[in-house]
1. Suppose we filter V40, V16 for residues that are part of a strand (DSSP E or B), in contact (Cβ under 8 Å) with a residue 12 or more places away in the chain and within 22 Å of the chain's Cα centre (by Cα); which single one remains?
2. Looking only at segment 47-57, decide whether some residue is surrounded by 13 or more Cβ atoms within 10 Å (Cβ to Cβ), under 25 Å from the mean Cα position of the chain (by Cα) and modelled with pLDDT under 85.
3. Between a residue in segment 66-88 that is more than 13 Å from L47 (Cβ to Cβ) and any residue that is assigned to a loop (DSSP other than H, G, I, E, B) and modelled with pLDDT under 80, which pairs come within a Cβ distance under 8 Å, given they are 6 or more apart or on different chains?
4. Taking R76, is it out of contact with any Gly (no Cβ under 9 Å at 6 or more places or on another chain), crowded, with 16+ Cβ neighbours inside 10 Å and at negative phi?
5. So, in segment 19-37, of the ones that are assigned to a loop (DSSP other than H, G, I, E, B) and in contact (Cβ under 8 Å) with a residue 40 or more places away in the chain, which residue ends up farthest from R76 (Cα to Cα)?
6. Residues being in a loop (DSSP other than H, G, I, E, B), among the hydroxyl-bearing types (S, T, Y) and over 13 Å from S22 (Cβ atoms): count how many of those fall in segment 47-71.
7. Within segment 1-13, how many residues turn out to be outside any strand (DSSP E or B) and closer than 15 Å to I53 by Cα?
Amino acid sequence: MLLAATIELGATSIPVKLRNLSEQGALIEGPRLPLEGSDVLFRRNELEVAGRIAWVSGKQAGIAFAAPLSTQDVLRNVPQPKPRVTADYRRPGSIPGPCPRRSKRQWNIGSS
């Protein structure tokens, strides 16, 4: 999952990509991330939550939220999974249902 979000550090707004969101925090990615321990404001759509940068590794960082989010807030800010397509392995033109068995007589087999 890569969704647009921002983090605010003081008066600076930093665009980031949201990789993961849970009740306790978020995994973000971006080229210019604040230092570990920085207090930030995380924003995604209507969601605004205070947090602290828990760790930074390269272009990724984890935010620990000051207060847990509700499950509804999390679900409202992540896309719903797309329904899986089930494969239909029938031959083209086949009729659904059991195949009727035919006797030799019906197929004119073995008659001379």
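The values are calculated or read from the model by the stated rules, or taken from the named source; none is laboratory data. The structure displayed is predicted, hence computed values, not measured ones. As a convention, Cβ positions derive from the backbone with ideal geometry for all residues, glycine included, and neighbour counts pool all protein chains shown.
1. V16
2. From segment 47-57, those surrounded by 13 or more Cβ atoms within 10 Å (Cβ to Cβ) are 47, 49-54, 56; that's our starting set.
Checking the rest, the ones that are also under 25 Å from the mean Cα position of the chain (by Cα) come to 47, 49-54, 56.
The next check asks that each one be modelled with pLDDT under 85; those that pass are none.
No, there is no match, as no residue in segment 47-57 is surrounded by 13 or more Cβ atoms within 10 Å (Cβ to Cβ), under 25 Å from the mean Cα position of the chain (by Cα) and modelled with pLDDT under 85.
3. P79/M1
4. On the way: out of contact with any Gly (no Cβ under 9 Å at 6 or more places or on another chain): yes; crowded, with 16+ Cβ neighbours inside 10 Å: no; at negative phi: yes.
No.
5. If we filter segment 19-37 for residues that are assigned to a loop (DSSP other than H, G, I, E, B), which is where we start, we get 22-24, 30-37.
Keeping just the survivors that are in contact (Cβ under 8 Å) with a residue 40 or more places away in the chain gives 22-24.
Working: S22: 11, E23: 12, Q24: 15 Å.
So, considering only residues that are assigned to a loop (DSSP other than H, G, I, E, B) and in contact (Cβ under 8 Å) with a residue 40 or more places away in the chain, the one farthest from R76 (Cα to Cα) is Q24.
6. Result for segment 47-71: 0.
7. Keep residues of segment 1-13 that are outside any strand (DSSP E or B), which gives 1-2, 10-11.
Filter again for closer than 15 Å to I53 by Cα, leaving 10.
Matching residues across segment 1-13 total 1.
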